[in-house]
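Student: Quick one: the structure is below, questions incoming.
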Amino acid sequence: MARNTRKSGAGALKAGRQPGSQASIAATTKEGNGFAAAAQAGLSHLIEDGSYAKILDRWGLSSEAVQKSELNPAGLPKK
């Protein structure tokens with residue numbers, strides 16, 4: 001089942017994906033403030049110690065799990 005989110009007006013959002021595909025989640029921060037690396041390290045720790053899997057399982061989202069946290073992965077659009 002494809003998931004679509006739509007909101008009209010200021011801050012409009014449109015997202016979706018094909019059935020069986022995995023969507024990536026992204027967060028943005030002010031460049032150079034150090035938060036991105038800290039957030040990635042925290043998520044990586046949760047993945048490594050199994051807490052991430054437990055959280056996703058609790059909410060029925062195990063199929064949405066990522067294998068690793070990435071900071072600025074290849075393929076992102078350029079500015």
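Quick note: the coordinates plus some simple rules give every number you see, no bench work behind them. What you see is a predicted model, and the numbers here were worked out from it, not measured in a lab. No Cβ is skipped: glycine too gets one built from the backbone with ideal geometry, and neighbour counts run over all protein chains shown.
Student: Residue-wise, which Karplus ³J(HN,Hα) couplings in Hz belong to the stretch 57-68, taking 6.51 cos²θ - 1.76 cosθ + 1.60, θ = phi - 60°, and x for glycine or proline?
Tutor: Computed from phi, the couplings for the stretch 57-68 are 4, 4, 9, x, 10, 4, 5, 8, 4, 9, 7, 8 Hz.
Student: Which order do 55, 25, 47 fall in if you start with the one that has the fewest other Cβ atoms within 10 Å?
Tutor: Exposure proxy ranking, most exposed first: 25, 55, 47.
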